[in-house]
Amino acid sequence: MPDISQGPPNGPMRIAQTSLRTGSGCAALLRMPGLAASGDDAEQLGLATPQFQELSLGPVAFHKANNNTRLMVSAAAVLALVQSFAYDSADVLFQSAAGVLIEGVFYLITNCVAAEAMDKPYCYWLTLQPPAR
């Protein structure tokens, strides 16, 4: 996957962000594991309840058809999260995430693909696994 940490957003990234912002009414939260508390005996023994933080992941567009559930995310939003967590790439960010919360429903992230223009991503397509019924 390409490196998105270099430089300000380019034209295609700005266009994608504007299109997603004006065309979607969907809110998504990226659920990330919370930081471990050092010195907490219960946590070291695996007895503590895991903590999570939910980060706004937007603008997004939610697409659900047949058995395919996908989320299109602005590369600018992903870049901001990659930089704030000091990750090497969007792949690492999405592999570290527990999943995505959309309209109160939790989805697992099964795949991440970057859509690119001029060798820079302008959005990411996340393939999601809906909850079992």
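No value in this document is a laboratory result; all are computed from the given coordinates. Since the structure is predicted, the reported quantities are computational estimates derived from the model, not experimental observations. Here the Cβ positions follow ideal geometry from the backbone for every residue, glycine too, while neighbour counts run over all protein chains shown.
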Query raised in the report: Under the condition of being more than 16 Å from ALA28 (Cα to Cα) and surrounded by 14 or more Cβ atoms within 10 Å (Cβ to Cβ), which residue from the stretch 114-132 is farthest from the chain's Cα centre (by Cα)?
Result: ALA117
Query raised in the report: Restricting to the stretch 71-102, what's the tally of residues that are in a strand (DSSP E or B) and either of a type in the set (Gly, Ala, Ser) or surrounded by fewer than 19 Cβ atoms within 10 Å (Cβ to Cβ) (or both)?
Result: 3
Query - Qualifying positions in the stretch 70-99 - touching a Lys or Arg at 6+ places or on another chain (Cβ under 7 Å) and aliphatic (A, V, I, L, M) - result: ALA97, ALA98
